[in-house]
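J.: Right, I'll just put the structure down here and ask away after.
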Amino acid sequence: MRVSHGHSGPETEVSCRQMYLIFVNGTSEHFTLRQEVSTIQRPEVFALTSLFALLLALPENSFIPAPNSMWLRVVLNLASVAIFAALFPTVMKLAIERAKRRHKAQIYLPMVTIPTAAATVLLAEALLVLLQGQAEQTRTELLIKIAIAASLWELHSLLFIRANLRAARLRATSAPQGENARVEIGNSRLNPTQIRRIASDDHFLHIHLDTGRLRILATLSQADKALQTYGTMVHRQHWIAFREIETLERNGRAHCVFTKSGETIPVSRGRLKRVQDHLRDRAENDPL
């Protein structure tokens, strides 16, 4: 969704916030569609998934209803993996677009996995008819297939997708702190490791550096995009470096970040999860 710089209504708010994927066990990770697709279609993941599908097809009495012929079971199971990998990105993209239209920042993965698994099973059944000439499946057997397929893909998501997104987030929050690193914000090239926080004032940004302050003509969304591996927007008028976050406090329904420089920065509800995830990761990797 395009960010509108002329107002600060719901569209701007949703455009700037992170999208979060909610897994079936209630955990969540922020993500991009590219990260999702790269996980599903990554060669080693695809190979492991295909191997698992092949093993499911080998037993004569597989717990997934399948044709009696073993080679047909193998073909259908492997085809199902390929079909799901092809359909998943499209269904996820539609879910993201729908969430943005509704000004939502959360995608519930079962709402993507279940319809994709259902479409996969139906297409596999169509392939069975093409190969075997007929398919005698009752409605109950078809629903069982869909339920089992959805459950297996949810397990796949927990094992691979969540791990991949979590690793990507950890890499982002521990970005290299090179002295010669430079990012372009407006007409300025700055060392991102020297930026503590940024405040937006109409069309100008007040950038707080380790060495002083700078005022430039740019938007906060531009700065956030350039600095996404070094920090995060915590409010539509505030960006803060991860290294500058001291604690997150709650006062009634409002939240705020206390910085290492002794400042208090408000945190909006839509961006609270990003700060909480960073603090959780930092505590897990540096418990002392």
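J.: Looking at the structure I just gave you, is THR247 touching a strand residue (DSSP E or B) at 6+ places or on another chain (Cβ under 8 Å) and within 14 Å of ALA199 (Cβ to Cβ)? Full working, then the answer.
T.: Working: touching a strand residue (DSSP E or B) at 6+ places or on another chain (Cβ under 8 Å): yes; within 14 Å of ALA199 (Cβ to Cβ): no.
Considered against the rule, which asks whether it is touching a strand residue (DSSP E or B) at 6+ places or on another chain (Cβ under 8 Å) and within 14 Å of ALA199 (Cβ to Cβ), THR247 comes out as no.
J.: Scan the strands (runs of 3 or more DSSP E) fully inside segment 186-233 and keep the ones with 1 or more residues being assigned by TED's automatic domain parsing to the domain that holds LEU279 and in contact with a helix residue (DSSP H, G or I) (Cβ under 8 Å, 6 or more places away or on another chain). Even if it seems obvious, please write down each step before you answer.
T.: On the way: elements: 188-190, 195-201, 204-209, 212-217.
Result: 195-201, 204-209.
J.: A follow-up question, please. Can you tell me which residues in segment 234-288 are of a type in the set (Asp, Glu), assigned to a helix (DSSP H, G or I) and in contact (Cβ under 8 Å) with a residue 12 or more places away in the chain? Break it down stepwise before answering.
T.: We begin by selecting, within segment 234-288, every residue of a type in the set (Asp, Glu); these are 244, 246, 249, 263, 277, 281, 284, 286.
Still in the running and assigned to a helix (DSSP H, G or I): 244, 277, 281, 284.
Of everything in segment 234-288, those that are of a type in the set (Asp, Glu), assigned to a helix (DSSP H, G or I) and in contact (Cβ under 8 Å) with a residue 12 or more places away in the chain turn out to be GLU244, ASP277, ASP281.
J.: Report, by residue number, each residue of segment 85-121 that is within 30 Å of ILE144 (Cβ to Cβ) and of a type outside the set (A, V, I, L, M).
T.: PHE88, PRO89, THR90, LYS93, ARG98, GLN106, TYR108, PRO110, THR113, PRO115, THR116, THR120
Conditions (1) over 30 Å from ARG269 (Cβ atoms); (2) in a loop (DSSP other than H, G, I, E, B); (3) over 23 Å from the mean Cα position of the chain (by Cα), marked per residue:
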position: LEU76; (1), (2), (3): yes, no, yes
position: ALA82; (1), (2), (3): yes, no, no
position: VAL91; (1), (2), (3): no, no, no
position: ALA95; (1), (2), (3): no, no, no
position: ALA99; (1), (2), (3): no, no, no
position: LEU123; (1), (2), (3): yes, no, yes
position: LEU131; (1), (2), (3): yes, no, yes
position: LYS145; (1), (2), (3): yes, no, yes
position: SER151; (1), (2), (3): yes, no, no
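J.: Same structure again: Considering each residue of segment 236-288, count those that are surrounded by 11 or more Cβ atoms within 10 Å (Cβ to Cβ), in contact with a Cys (Cβ under 9 Å, 6 or more places away or on another chain) and either farther than 27 Å from HIS203 by Cβ or outside the structural domain of HIS203 (by TED's automatic domain parsing) (or both), and give that number.
T.: 2
J.: Within segment 27-47, count every residue that is surrounded by 14 or more Cβ atoms within 10 Å (Cβ to Cβ), of a type in the set (Ser, Thr, Tyr) and at pLDDT 75 or above.
T.: Total satisfying the criteria: 1.
Listed here are the residues, each with its yes/no results for (1) more than 27 Å from PHE23 (Cα to Cα); (2) at pLDDT 85 or above; (3) surrounded by fewer than 13 Cβ atoms within 10 Å (Cβ to Cβ).
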site: THR49; (1), (2), (3): no, no, no
site: GLU60; (1), (2), (3): yes, no, yes
site: ALA79; (1), (2), (3): no, yes, no
site: PHE84; (1), (2), (3): no, yes, no
site: PHE88; (1), (2), (3): no, yes, no
site: THR116; (1), (2), (3): no, yes, no
site: VAL121; (1), (2), (3): no, yes, no
site: ARG139; (1), (2), (3): yes, no, yes
site: ILE148; (1), (2), (3): no, yes, no
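J.: Which numbered condition in (1) modelled with pLDDT of 80 or more; (2) buried (at least 17 other Cβ atoms within 10 Å of the Cβ) is the only one that GLN106 fails?
T.: Single failed check for GLN106: (2).
J.: Determine the pairs where a residue that is over 15 Å from GLU263 (Cα atoms), located within segment 198-221, has a partner that is polar (S, T, N, Q) with Cβ atoms under 6 Å apart, the partner being 6 or more residues away or on another chain.
T.: SER200/GLN237; ILE216/SER188; LEU220/SER200
The values are calculated or read from the model by the stated rules, or taken from the named source; none is laboratory data. Quick caveat, the model's predicted, so the values are computed rather than measured. Methodologically, a virtual Cβ is constructed for each residue, glycine included, from the backbone with ideal geometry; neighbour enumeration extends over all protein chains shown.
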